[in-house]
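**Q** The structure follows.
Where a number appears in this text, it was derived from the coordinates with a stated rule and is not lab data. As the structure is a prediction and not an experimental result, all values here were calculated from the model. Backbone-built Cβ (ideal geometry, glycine too); neighbour counts: all protein chains shown.
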Amino acid sequence: MARVHFRLETMLAPSAVLAALTDFGPRRSQVWPNVDEQHFKLHGQGPGWAEVTEGSSVAGGVWEREKYSWDATTGAVSVETMDSNTWGPGSRWDYKITPATGGGSQIDVTVTRLGKGWRGRLIEVGIAAAGTRMLRSQMEQAMERSAT
């Protein structure tokens, strides 16, 4: 199992960060570098939840069907893998958004990955070795893109 944790700050308000994480509209693939249009589908959505398939053509086409749950009051967002061609049960993303001193937001991100199949296990090893830097960079890009 690969588990990485990182923290970053952004000038976006907590509500804007939450909006970027939970906007499942047509702009999603433009904001998030690891989501492309071919691998994105919104299956259902309601107050505080959404079920989506997301993925990318990188690494031969990695996708996962996920259940997003969030609470604006606590600034918590969880993303649980329901099905995937790469990630097994127990794989997830957890975000905690808090106001930063001096404005903006602090975002704590914990990613848990359990590889499924040889490709999933290989990517899991890569995430364990160098995932923090890559995932932080993708999150920073998404926050910058969502601000525009």
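**Q** Given the criteria under 30 Å from Gly103 (Cα atoms), in contact with a His (Cβ under 9 Å, 6 or more places away or on another chain) and touching a residue at least 24 places away in the same chain (Cβ under 8 Å), does Ala50 qualify?
**A** Spelling it out, Ala50 is indeed under 30 Å from Gly103 (Cα atoms), in contact with a His (Cβ under 9 Å, 6 or more places away or on another chain) and touching a residue at least 24 places away in the same chain (Cβ under 8 Å).
**Q** How about the range 23-48: which of its residues are touching a helix residue (DSSP H, G or I) at 6+ places or on another chain (Cβ under 7 Å) and in a loop (DSSP other than H, G, I, E, B)?
**A** Residues satisfying the conditions are Trp32, Pro33, Asn34, Val35, Asp36, Phe40.
**Q** Can I ask one more? If we keep just the residues of the range 78-125 that are under 30 Å from Met11 (Cα atoms) and among the small types (Gly, Ala, Ser), which is nearest to the chain's Cα centre (by Cα)?
**A** Ser78
**Q** Under 7 Å between Cβ atoms, which residue pairs at least 6 apart in sequence (or on different chains) link something in the range 1-21 that is within 12 Å of Asp94 (Cα to Cα) with a partner that is small (Gly, Ala, Ser) and in a helix (DSSP H, G or I)?
**A** Correct list of pairs: Val4/Gly131.
**Q** Looking only at residues that are touching a residue at least 40 places away in the same chain (Cβ under 8 Å) and under 18 Å from Ala142 (Cα atoms) in the range 71-98, which one is surrounded by the fewest Cβ atoms within 10 Å (Cβ to Cβ)?
**A** Ranking the qualifying residues of the range 71-98, first place goes to Thr98.
**Q** Gly44 versus (1) surrounded by fewer than 14 Cβ atoms within 10 Å (Cβ to Cβ); (2) among the small types (Gly, Ala, Ser); (3) out of contact with any strand residue (DSSP E or B) (no Cβ under 7 Å at 6 or more places or on another chain): which is the lone unmet condition?
**A** (3)
**Q** Checking the condition within 14 Å of the chain's Cα centre (by Cα) and of a type in the set (Asp, Glu), which residue from Glu9, Glu37, Glu51 passes?
**A** Exactly one residue qualifies, and that residue is Glu51.
**Q** Right, Trp32: crowded, with 16+ Cβ neighbours inside 10 Å and under 15 Å from Gln138 (Cβ atoms) or not?
**A** Judged against the criteria, Trp32 is a match.
Every residue, every condition in (1) closer than 22 Å to Arg27 by Cα; (2) in a strand (DSSP E or B), yes or no:
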| site | (1), (2) |
| --- | --- |
| Asp83 | no, yes |
| Pro89 | no, no |
| Trp93 | yes, yes |
| Thr101 | no, no |
| Ile107 | yes, yes |
| Trp118 | no, no |
| Glu124 | no, no |
| Gly131 | no, no |
| Glu144 | yes, no |
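**Q** Condition first: under 18 Å from Glu80 (Cα atoms), in contact (Cβ under 8 Å) with a residue 40 or more places away in the chain, buried (at least 18 other Cβ atoms within 10 Å of the Cβ) and touching a Lys or Arg at 6+ places or on another chain (Cβ under 9 Å). Can you find one or more residues in the range 126-142 that meet it?
**A** Yes; the residues of the range 126-142 include at least one that is under 18 Å from Glu80 (Cα atoms), in contact (Cβ under 8 Å) with a residue 40 or more places away in the chain, buried (at least 18 other Cβ atoms within 10 Å of the Cβ) and touching a Lys or Arg at 6+ places or on another chain (Cβ under 9 Å).
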